[in-house]
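S.K.: Please read through the structure below; I'll follow up with questions.
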Amino acid sequence: MSIARFWRETPRRYNLGGSKCTMCGTVYFPPRSVCPTCAHHRESIGKMVPFRLSGEGEVYSFTVVHEAAEGFEMQVPYVLALVRTVEGPTLTGQIVDLAPEEVEIGLKVRATFRKLREEGKAGVIHYGYKFAPIEDRPERPPRGPRAAADVPASAETDRAPA
């Protein structure tokens, strides 16, 4: 995606800015200028208003990605999900702050602002939304090579393998 296009899309990427039809109440993301839900589409022209989604919803479907697209190789495995928002639209996004095996259909999530990628080491950093769980979940033990050094020897036997 070009830098110019990315900046044009900033309001909806950073604020989940969509639109709402004042005739039927249907919410869209990304925003639309005409409502395809209304029986007479042309009557909705000029009656679509900006609408900011709350970002809350639940996982409708998901997949665990093991072979990442270019630029996402260091994140595998990761979860890519369809999230049905409380306002109605379904958004696609990565599930973060949760191990892939813990994600399930119906999981309550909230959009969170995160780094998506960067263009080279000295390039532009792109930010956008991902989804994190809302529910209070038990704290997971630390993961990674440094985590083992931070855990007291007595707790080592209680830890699940990383």
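Readers should treat all values here as calculations from the given coordinates under stated rules, not as data from a laboratory. Owing to the predicted nature of the structure, the values given are computational and were not obtained by experimental measurement. Note that we place each Cβ from the backbone using ideal geometry, even for glycine, and neighbour counts take in every protein chain shown.
S.K.: Multiplying the sequence separation of Arg110 and Val65 by 0.36 nm and subtracting their Cα-Cα distance, what value in nm do you get?
M.R.: Details: separation 45, 0.36 × 45 = 16.20 nm, distance 2.05 nm.
That works out to 14.2 nm of additional length.
S.K.: If the only charges are +1 at each Lys and Arg Cβ and -1 at each Asp and Glu Cβ, what is the size of the charge dipole of the stretch 52-93 around the Cα centre, to the nearest 20 debye?
M.R.: Computed charge dipole of the stretch 52-93: roughly 180 debye.
S.K.: Could you work out, for the stretch 79-125, what percent of all Cα-Cα pairs fall into each 5 Å distance bin, beginning at 0 Å and stopping at the bin that holds the largest distance?
M.R.: Reading upward from the zero bin: 5, 16, 26, 18, 15, 10, 7, 3.
S.K.: Any idea what the alpha-carbon Rg over 2.2 N^0.38 Å comes to for the stretch 54-136? List each step's numbers first, then the result.
M.R.: Working: Rg = 13.1 Å, N = 83, 2.2 N^0.38 = 11.8 Å.
For the stretch 54-136, the normalised Cα radius of gyration is 1.11.
S.K.: I've got another one for you. Quick one: which residues, 5+ away or cross-chain, put their amide H under 5 Å from the amide H of Arg32? H built at 1.01 Å from N.
M.R.: Ser19
S.K.: Within a 10 angstrom radius of the beta carbon, how do Cys38, Cys21 rank from fewest other beta carbons to most? Don't jump to the answer; show the numbers that get you there.
M.R.: Details: Cys38 15, Cys21 21.
Lowest to highest Cβ neighbour count: Cys38, Cys21.
S.K.: Here is a follow-up. Note down the nm distance, to one decimal, between modelled labels 7 Å out along Cα→Cβ at Ala132 and at Thr90.
M.R.: Going by the 7 Å Cα→Cβ label model, 2.6 nm.
S.K.: Compute the relative contact order of the stretch 54-136 as a whole-number percentage, counting only Cα pairs closer than 8 Å that sit 6 or more residues apart in sequence.
M.R.: Numbers: 168 pairs, mean separation 24.5, N = 83.
That works out to 30 percent.
S.K.: Further question on the same structure: Which one of Val64, Leu80, Leu107 has its Cα pushed farthest toward the positive end of the charge dipole of the stretch 54-136, where Lys and Arg give +1 and Asp and Glu give -1 at the Cβ?
M.R.: Leu80
S.K.: Also, I was wondering about something else. What dipole magnitude, in Debye to the nearest 20, does the stretch 54-136 give about its Cα centre under +1 on Lys/Arg Cβ and -1 on Asp/Glu Cβ?
M.R.: Result for the stretch 54-136 is approximately 320 debye, rounded to the nearest 20.
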